[in-house]
Amino acid sequence: MLFSMILSCSSKAVRLKTLIYHWHRQKSFAAAMSEALDKLELETEARKAAKLADEESVKETNRIKRTLKRKKWVDWKTQDEEDAASGVKRAPFDPADRVKRKKSAILLSYCGANYYGMQRNPGMQTIEEELFKAMLKHKWITEDSFEQVQIACFQRAARTDKGVSAARQVCSVKLPDELDLEAFNADLPEQIRLFGVERVTKGFNAKDQCNARTYTYTLPTVSFASSEEKIEDLHDTFRITPELLEKVRATLKLYEGTKNFHNFTSKKNFLDPSAKRFIMSFVSSDPFLSPQEIEFVTLKVKGQSFMLHQIRKMVGLAIAIVRGNTTTESLERALTEERLDLPMAPGLGLVLDTVHYERYNDRYGKDGIHNPLTWEKQEKQVQEFIEKEIFSQIYKTEAEQRNMLDWLGTLHYHSYDTRRDEAPPPPDGKRNKEGPNDDNDE
């Protein structure tokens, strides 16, 4: 009997303990849930408050911008009296500060012999730096535009490299209606001249609307003499034969058409789509004598666009083929996937001759509002400048320094075979971050 009572009491104690345990557990879970919900509510409120603060900040910023855009009327009488008391005199109103500027195309010629290329480069003497300084002085552009030329929508048709000249460079920029070209040119160096300005459409872009570019390369005919001849004694007296000139022209013609020119630039892979370029024509002029009685020819190449050093490498390989340093097989292999060691001709004779706007001219040149960008009225002035500042510099430098002779002496160092001195560019065709390799870098 006693044992039964003890067992009964023990069972009740266990059940009571179990009930108390479950009650405490349920209470703990409910408390945790309550705390979690409270925390979530606080976080939600905090996010709402942060969002409202951001919205108020944006509204305040927009309000300030609207306030700044509003014209602030000044009581000049009171302002002048206060300035006079402090010894300050108000500057007279300059109408140029409120001149409306419209999109224009300018025709520019320059000799690049003493410049580090066309494009503006801090600390370097460039064509654009001289151009922008003159524009700012004559108030063609504002102070803000001088610091950031994108404000004036400036764009060049082609970017010429160090030492490369341009006979007919075209740039687009917003300019005033009234322009004094004579006064403007008086503030430019003699090696740079602006010959014409034409109003163009609002969306005109000198680079994007340009559908072709023509470059010339002027060099002494002794460049094509046989590699077996002692050309040091022939520099001034060499005269090219009709047969040799025909060989030059036949070699240049091999470049025409759409081909892969990855071997004629740097850091481009054969699989890179941008390595393919369309060469419309590549010809040679008849030989002529310079004022120093040295015989020259001018090679002229027209294409949609060109890569860095492409023309100089095309000329370099053509010279090597004609001279006998290699054969046309090297040119054929250079247009395939192989990576070959090819020479690059000196930069002295390279000139941006013309940028073409046939499509723009066909669409807008006869609309009665815009003139075609053919620059026919300025052609005489341009030709005079080319002869005086560009070609004369090429003739004089070649006669005095014999740059071409020095370069010809290095042709036999090239293998014209597969290159093994460096790894090929990555197959994805991405550009190297070390430097630009864009179109129109010649």
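The values are calculated or read from the model by the stated rules, or taken from the named source; none is laboratory data. All figures in this text were calculated on a predicted structure; none of them were measured in a lab. In this analysis, Cβ positions are derived from the backbone assuming ideal geometry, glycine residues included, and neighbour counts consider all displayed protein chains. Note: areas computed on protein heavy atoms with side chains; ligands, DNA, RNA excluded. Shrake-Rupley method; radii C 1.70, N 1.55, O 1.52, S 1.80 Å.
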Is at least one residue of segment 311-327 crowded, with 19+ Cβ neighbours inside 10 Å, under 24 Å from the mean Cα position of the chain (by Cα), at pLDDT below 95 and not aliphatic (A, V, I, L, M)? no
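Would you call Val355 in contact with a strand residue (DSSP E or B) (Cβ under 8 Å, 6 or more places away or on another chain), open to solvent by less than 30 Å² (accessible area, probe 1.4 Å) and farther than 29 Å from Glu232 by Cα?
Values: in contact with a strand residue (DSSP E or B) (Cβ under 8 Å, 6 or more places away or on another chain): yes; open to solvent by less than 30 Å² (accessible area, probe 1.4 Å): yes; farther than 29 Å from Glu232 by Cα: yes.
For Val355, the condition - in contact with a strand residue (DSSP E or B) (Cβ under 8 Å, 6 or more places away or on another chain), open to solvent by less than 30 Å² (accessible area, probe 1.4 Å) and farther than 29 Å from Glu232 by Cα - is met.
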Gln150: among the polar types (S, T, N, Q) and outside any loop (DSSP other than H, G, I, E, B), yes or no? yes
Condition first: open to solvent by less than 10 Å² (accessible area, probe 1.4 Å) and either closer than 25 Å to Thr221 by Cα or in contact with a Leu (Cβ under 6 Å, 6 or more places away or on another chain) (or both). Can you find one or more residues in segment 266-278 that meet it? no
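Listed here are the residues, each with its yes/no results for (1) open to solvent by less than 80 Å² (accessible area, probe 1.4 Å); (2) without any contact (Cβ under 8 Å) to a residue 40 or more places away in the chain.
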site: Ile106; (1), (2): yes, no
site: Gly117; (1), (2): yes, no
site: Glu130; (1), (2): yes, no
site: Lys137; (1), (2): no, no
site: Glu143; (1), (2): no, yes
site: Cys153; (1), (2): yes, no
site: Ala158; (1), (2): yes, no
site: Ser165; (1), (2): yes, no
site: Leu175; (1), (2): yes, no
Checking the conditions here, which among Thr336, Thr374 is out of contact with any Asp or Glu (no Cβ under 6 Å at 6 or more places or on another chain) and touching a residue at least 40 places away in the same chain (Cβ under 8 Å)? Thr336
So, of the residues in segment 51-82 that are over 44 Å from the mean Cα position of the chain (by Cα) and not β-branched (Val, Ile, Thr), which turns out to be modelled with the highest pLDDT? Leu52
Which condition does Tyr364 not pass, out of (1) under 29 Å from the mean Cα position of the chain (by Cα); (2) under 16 Å from Thr298 (Cβ atoms); (3) aromatic (Phe, Trp, Tyr), if it passes all the others? (2)
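Would you mind listing the strands (runs of 3 or more DSSP E) fully within segment 164-267 where at least 1 residues are touching a strand residue (DSSP E or B) at 6+ places or on another chain (Cβ under 6 Å) and not polar (S, T, N, Q)?
Working: elements: 165-175, 192-199, 212-220, 257-260.
The qualifying strands (runs of 3 or more DSSP E) are 165-175, 192-199, 212-220.
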What single numbered condition from (1) closer than 30 Å to Phe288 by Cα; (2) at pLDDT 95 or above fails to hold for Gly163? (2)
Hey, Glu398 hits all of (1) open to solvent by less than 40 Å² (accessible area, probe 1.4 Å); (2) acidic (Asp, Glu); (3) over 23 Å from Pro189 (Cβ atoms) but one; which does it fall short on? (3)
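In this structure, does Ala85 turn out to be among the small types (Gly, Ala, Ser), open to solvent by less than 70 Å² (accessible area, probe 1.4 Å), modelled with pLDDT of 75 or more and farther than 30 Å from Lys207 by Cβ?
no
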